[in-house]
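Report on the structure given below.
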Amino acid sequence: MLKIRLKRLGAKKAPTYRVIVINSTTKREGKPIEELGYYNPKTKEMKLNKEHAELWISKGAQPTDTVKYLIANCNADGSLNYKKKEVEKLSKKALAKKQAEEEAKAAEAAKAAEEAAKAEEVAAEPEAKAEETAEA
């Protein structure tokens, strides 16, 4: 029986996987019949040939649960389509980052305006003293 499953690569505690078609009795790191793509669970990066995967499934290959999920959530170009919660989480982080940057810019602008006002006061003091002495 043919299986579509993941082949583990990468260093210890830093896994990356290849999506492969292989005989079910072959060991995990055995020679595959065909490599369909790769998946990095840490960065959520994926590249999958969805057409070939569906072709193998139509021929009778059985995908594992994880591979079923990856195929189901694959875009047309082969990249992973994030879940709504993950997208919201990423967008919230981006929004918070933007707000922090805007607040920092506003604080800098206020500080610059305050310094400019102080500089004007300092420049105006000698002129006011000069006018007072001219009147006297």
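The accessible surface of the range 17-125, taken with every protein chain in place and a 1.4 Å probe, is 53 percent carbon and sulfur.
Rolling a 1.4 Å probe over the heavy atoms of the protein chains gives the range 8-106 an accessible area of 72 Å² per residue.
The values are calculated or read from the model by the stated rules, or taken from the named source; none is laboratory data. Everything quoted here is computed from the prediction, not taken from an experiment. Side chains are part of the model used for accessible areas, which takes the heavy atoms of the whole protein and leaves out ligands, DNA and RNA. Shrake-Rupley method; radii C 1.70, N 1.55, O 1.52, S 1.80 Å.
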